[in-house]
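Taking it in order: structure first as structure tokens, then the write-up.
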Amino acid sequence: MPKPALHAFANTRASFSAAAGKPGQLYSLPKLAEIFPNVARMPVSLRIVLESVLRNCDGRKVTAAHVEQLANWRPNAARVDEIPFVVARVVLQDFTGVPLLADLAAMRNVAARLGKNPKTIEPLVPVDLVVDHSVMIDHYGTKKALDLNMKLEFERNRERYEFMKWGMQAFDTFGVVPPGFGIVHQVNLEYLARGVHKGRDKVYYPDSLVGTDSHTTMINGVGVVGWGVGGIEAEAGMLGQPVYFLTPDVVGFEFTGKLREGVTATDLVLTVTEMLRKHKVVGKFVEFFGEGTESLSVPDRATIANMAPEYGATMGFFPVDAKTVDYFRGTGRSKAEIEAFEAYWRAQGLFGVPRAGDIDFTSVVTLDLGTVAPSLAGPKRPQDRIEITHLSRQFGELFSKPVAENGFNQPAEKLDQPFVTDSGIPVRNGDVLIAAITSCTNTSNPGVLLAAGLLAKKAVEAGLKVAPHIKTSLAPGSRIVTEYLQKAGLLPYLEKLGFTVAAYGCTTCIGNAGDLTPELNRVIQDNDLVCAAVLSGNRNFEARIHPNLKANFLASPPLVVAYAIAGNVRQDLMTQPVGHGKKGQPVFLGDIWPSSDEVYALMKHAMDPKAFKANYEQVAKKPGKLWDAIKGVKGQVYDWPKSTYIAQPPFFADFTMTPPPLVAGVQGARIMALFGDSITTDHISPAGSFKETTPAGEFLLAHGVQKADFNSYGARRGNHDVMMRGTFANVRIKNLMLPAGADGSREEGGYTLKNGVKTTIYDAAMAYIAEGTPTVIFAGEEYGTGSSRDWAAKGTQLLGIKAVVAKSFERIHRSNLIGMGVLPLQFKAGTSWESLGLTGAETVDIRLADEIKPQGDGQMTLTRPDGSTQVVPLTLRIDTAIEVDYYFHGGILPFVLRQLLAS
């Protein structure tokens with residue numbers, strides 16, 4: 001419930017005409033601008049954050065000084081102030097939501113143990129968990145695939161779903177959208193987002209949120225301020241802590257012109273991602289403006305906003321305008337909601353897309369939409385855009401380039417060499433073996449999905465087919481997608497090419513593509529082939545899609561269908577036929593590519609308010625027989641039945657109301673790993689499948705779990721014993737402590753050297769812990785890029801790693817490390833572990849200042865095997881004052897728990 005503002009700003013509370021002309025109250029930004037004229041030219045996204053700070057100003061967690069600091073924002077000032085942002089709600093997906101729920105349950109155990117009321121631990125804002133990450137593509141290419149995959153999902157995840165049902169009855173503000181409704185971000189757009197909220201005191205305020213998935217930013221497409229955080233930070237927000245962050249720079253992105261015929265929203269977003277990565281927007285807000293922005297549909301805006309983690313920004317924000325209102329109307333929101341939504345933004349003076357010169361931005365980037373060309377991105381990173389006319393040539397070049405240059409380090413003469421599986425299937429380098437229309441990025445967008453259906457129709461009519469060994473799948477972000485593809489008459493054509501609906505959820509993009517056939521795996525592994533996946537996703541990091549597919553390309557849904565037909569990414573679709581159809585006639589991409597008029601003619605099927613309303617009414621009324629059959633235990637305190645999926649987390653085992661004495665820094669540490677640039681959270685804490693021979697696999701086998709029932713790391717995130725064994729266990733991670741091969745190549749996998757002997761990182765960590773020896777990690781640029789994966793920090797802590805020293809950090813992972821009491825430190829410019837000549841045999845001492853200050857200095861002393869020492873200055877990446885408190889308490893969770901239990 002919003003708190004009354006301090007008297008200094010009491011006059012900013014004002015009346016406005018809300019739904020049906022009824023009076024409402026708001027905290028007026030135009031009135032605040034009378035006190036601070038600067039507010040009128042602030043970026044829209046920052047003004048929305050300012051409204052929250054103003055409305056929640058209580059003199060304690062949010063003070064008048066916070067209001068004044070943010071109201072005086074300047075485009076290019078030094079960023080030293082932290083903003084306490086109180087969000088309206090929190091959204092979770094199940095991979096990250098289950099461990100968060102486990103932490104809350106463990107906090108209730110602590111409360112009960114200390115004689116406190118367990119209900120003290122209760123979310124103070126609404127929390128919605130959308131189950132979307134647990135379905136895998138085991139079955140495909142058949143109309144039974146959806147039903148079969150969902151049945152397998154429920155069999156594998158019964159214990160997790162029982163735990164969720166316990167949470168639904170134990171916590172008053174915790175709701176679950178069951179499996180089979182869609183991807184969290186599309187469900188958020190279509191159903192959970194309210195636009196504006198009304199408090200008990202009739203004060204209206206903007207929707208805002210944080211979510212435990214990086215791509216929470218998709219909601220920025222409808223003018224909602226929100227971004228991804230780790231589950232650790234989300235818990236604090238749920239339990240009454242503001243979300244603290246440094247006052248950001250705001251980069252304005254101006255769109256001019258219009259997209260050309262044949263260019264999709266996917267092509268646009270890959271171009272934007274490439275441009276903004278080069279502009280370096282990590283930790284910044286990006287806000288879109290200009291005449292070209294106004295021309296973009298809301299699904300196109302949401303597609304661009306979704307990719308904010310890929311271009312590195314905290315948000316990719318679009319202001320509210322008439323198209324936003326139309327989208328809310330078309331997705332079944334009530335008349336009263338829509339009226340209040342539009343009236344609120346008009347009353348705040350924030351309705352409409354600003355034009356050039358209206359806003360003061362830190363910097364401005366401009367793109368003429370008419371210059372965007374059809375593109376893909378890959379083969380290893382989303383920001384590596386390739387125009388499709390160059391893909392064939394570029395794949396050939398990357399085939400022989402060194403890994404350090406994003407290549408595959410293969411002999412050139414092997415590129416055209418044919419190989420054959422046991423049953424006679426020819427397999428070549430560049431062959432597409434997975435083609436998936438998947439992911440939140442594009443399955444929110446009817447324009448590209450209808451285009452895929454139209455392309456499939458034309459392809460089928462021309463006599464084109466997809467080879468049966470290619471794993472094809474259609475995993476829409478919402479059940480509404482299937483409905484409009486059926487109404488448009490396009491679903492049968494997608495099905496004829498193998499793109500049957502296989503799931504409603506996050507599949508291929510999260511690593512839930514399911515396995516290839518044993519014979520395909522065998523021919524790839526035996527011959528070290530570079531085969532491909534083409535998917536309409538947002539992530540293509542190494543080993544994320546499938547451990548045996550080294551080349552993964554992000555593409556629009558129609559291009560996914562086209563490359564599935566072509567069968568190989570070396571097919572130049574701009575000059576060579578996609579395939580041969582009736583009577584062996586060549587069929588070119590231009591012959592089957594739909595026009596924008598053809599797509600537009602079918603758009604009427606995609607925005608049916610009655611269909612949206614009827615679909616989402618089923619969440620509470622009729623979620624399905626499989627969900628109804630799940631029975632959760634009752635009670636306010638969880639009793640932790642024996643399970644290899646859900647286990648009581650160890651983070652509060654020694655909890656006391658007084659923090660234990662903290663030794664600031666690290667003494668006598670050994671080096672666990674030396675990593676290069678762009679180590680992702682997938683590298684640190686993989687989400688996909690794992691083998692029997694891994695520490696996690698051996699643990700499950702020892703507990704009676706068969707290989708077929710391993711599920712994935714993501715699904716096992718409720719069990720710390722599995723997850724700590726999976727930390728740094730990605731099959732493509734390279735610890736550069738290990739010696740290089742004769743050809744300069746580096747061994748892949750989660751290994752390290754302990755006393756000169758190769759062992760797994762997990763086994764080494766357990767040995768170091770037994771000895772009482774702390775460990776540290778060294779890394780390069782952008783350490784922790786990728787998904788907002790709290791287990792990447794939790795696993796790091798459980799392995800006894802006390803500090804990570806890197807050239808730079810990605811935003812969420814840096815925050816998560818502090819949230820778990822692990823020190824993030826940054827090399828000074830021009831210094832790296834390579835320039836220091838580290839081998840991993842050194843001993844490390846890290847000392848912090850007697851008084852720890854945000855972004856203060858640290859000092860590292862290296863002791864080499866010969867006894868010589870070297871002192872290296874570092875920057876402490878504890879960025880805000882509240883993070884200093886978190887560190888002294890051993891992390892954010894014990895800090896918040898002490899606050900709750902003391903009240």
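Report the Cα centroid-to-centroid distance between the stretch 59-82 and the stretch 414-453 in angstrom, as an integer.
So the two Cα centres are separated by 49 Å.
Take every Cα pair under 8 Å in the chain that's 6+ residues apart, average their separations, divide by the length, and report that relative contact order as a whole percent. All intermediate terms of the calculation are to be shown ahead of the outcome.
On the way: 2073 pairs, mean separation 120.6, N = 903.
Reported relative contact order: 13 percent.
Which length gain, in nm to one decimal place, applies between H390 and A702 when the Cα-Cα distance is subtracted from 0.36 nm times their residue separation? Mind showing how you got there, number by number?
Details: separation 312, 0.36 × 312 = 112.32 nm, distance 4.97 nm.
The H390-A702 span can extend by a further 107.3 nm.
Looking at the chain, send over the antiparallel percent of its DSSP beta bridges, to the nearest 5.
Numbers: 46 of 103 bridges.
Roughly 45 percent of the DSSP beta bridges within the chain come out antiparallel.
Mind checking which of N527, N816, F95 is farthest towards the positive end of the chain's charge dipole, using Cβ charges of +1 (Lys, Arg) and -1 (Asp, Glu) about the Cα centre?
Checked the options; the winner is F95.
Could you line up I48, I304 from fewest to most neighbouring Cβ atoms inside 10 Å?
Numbers: I48 25, I304 29.
By the 10 Å Cβ count, ascending, the order reads I48, I304.
Quick one: if you take sqrt(5λ) for each eigenvalue of the C-alpha gyration tensor of the stretch 385-426, what semi-axes come out, biggest first, whole angstrom? Show your work: numbers first, answer last.
Values: eigenvalues 109, 42, 15 Å².
Its equivalent ellipsoid spans semi-axes of 23, 15, 9 Å.
With a point put 7 Å past each Cα toward its Cβ, work out how far N117 is from T875 in nm, to one decimal.
Spacing of the two 7 Å Cα→Cβ label points: 4.7 nm.
Taking square-rooted eigenvalues a ≥ b ≥ c of the alpha carbon gyration tensor, is the stretch 63-134 rounded, prolate or oblate, where a/c under 1.5 means rounded and, failing that, a/b exceeding b/c means prolate? Present the calculation step by step, with values, prior to reporting the outcome.
Working: a/c = 3.15, a/b = 1.72, b/c = 1.83.
It is oblate, given that a/c is not under 1.5 and a/b is not larger than b/c.
By what distance, in whole Å, do the Cα atoms of the stretch 7-85 stretch along each of the three principal axes, largest value first?
45, 28, 20
Give me the distance in nm between label points sitting 7 Å out from Cα along the Cα-to-Cβ direction at S595 and E834, one decimal.
Distance between label points: 5.2 nm.
What aspartates and glutamates does K631 reach when the alpha-carbon gap must be under 12 Å and sequence neighbours fewer than 8 apart in one chain are set aside?
Candidates past the 8-residue exclusion: E159, E162.
With 10 angstrom as the radius, rank M607, M724 by how many other C-beta atoms surround their C-beta, starting from the fewest. Intermediate results must be reported in sequence, preceding the final value.
Values: M607 19, M724 25.
Ranking M607, M724 by Cβ neighbours within 10 Å, fewest first, gives M607, M724.
Report the convex hull volume per residue for the chain, counting only C-alpha atoms, in Å³. Please report the intermediate quantities before stating the final value.
Values: hull volume 141.2 nm³, N = 903.
Hull volume normalised by residue count: 156 Å³.
Between the stretch 746-770 and the stretch 578-635, how many Å separate their Cα centres?
If we compute the Cα centre of each part, the gap is 47 Å.
What FRET efficiency comes out for the pair E748/A40, r = Cβ-Cβ distance, R0 = 51 Å, nearest 0.05? Numbers along the way, then the final one.
Values: r = 54 Å, r/R0 = 1.07.
Efficiency computed from Cβ-Cβ geometry: 0.40.
When a/c is below 1.5 the answer is rounded, else prolate if a/b is larger than b/c, else oblate, so apply that to the stretch 755-861 with a ≥ b ≥ c taken from the square roots of the Cα gyration tensor eigenvalues. Before the final figure, lay out the partial values.
Numbers: a/c = 1.40, a/b = 1.16, b/c = 1.20.
The shape class here is rounded.
Can you compute the FRET efficiency between S334 and K280 using 1/(1 + (r/R0)^6), with r the Cβ-Cβ distance and R0 = 35 Å? Round to the nearest 0.05. Write out the running numbers ahead of the final one.
On the way: r = 43 Å, r/R0 = 1.22.
Given R0 = 35 Å and the Cβ-Cβ separation, E is 0.25.
Nothing charged except the Cβ atoms of Lys and Arg (+1) and of Asp and Glu (-1): what's the magnitude of the dipole of the stretch 658-902 about its Cα centre? Round to the nearest 20 debye.
Working: 23 positive and 25 negative charges, 56 e Å.
For this selection, approximately 260 debye.
Which FRET efficiency value, to the nearest 0.05, do you get for A322 and D172 by plugging their Cβ-Cβ distance into 1/(1 + (r/R0)^6) with R0 = 41 Å? Spell out each step's value before the answer.
Details: r = 37 Å, r/R0 = 0.91.
Computed FRET efficiency for A322 and D172: 0.65.
Each reported figure results from applying straightforward, stated rules to the coordinates on display, with no laboratory input. Small disclaimer: the values here were computed from a predicted structure and weren't measured. Cβ: placed from backbone, ideal geometry, glycine included. Neighbour counts: every protein chain shown.
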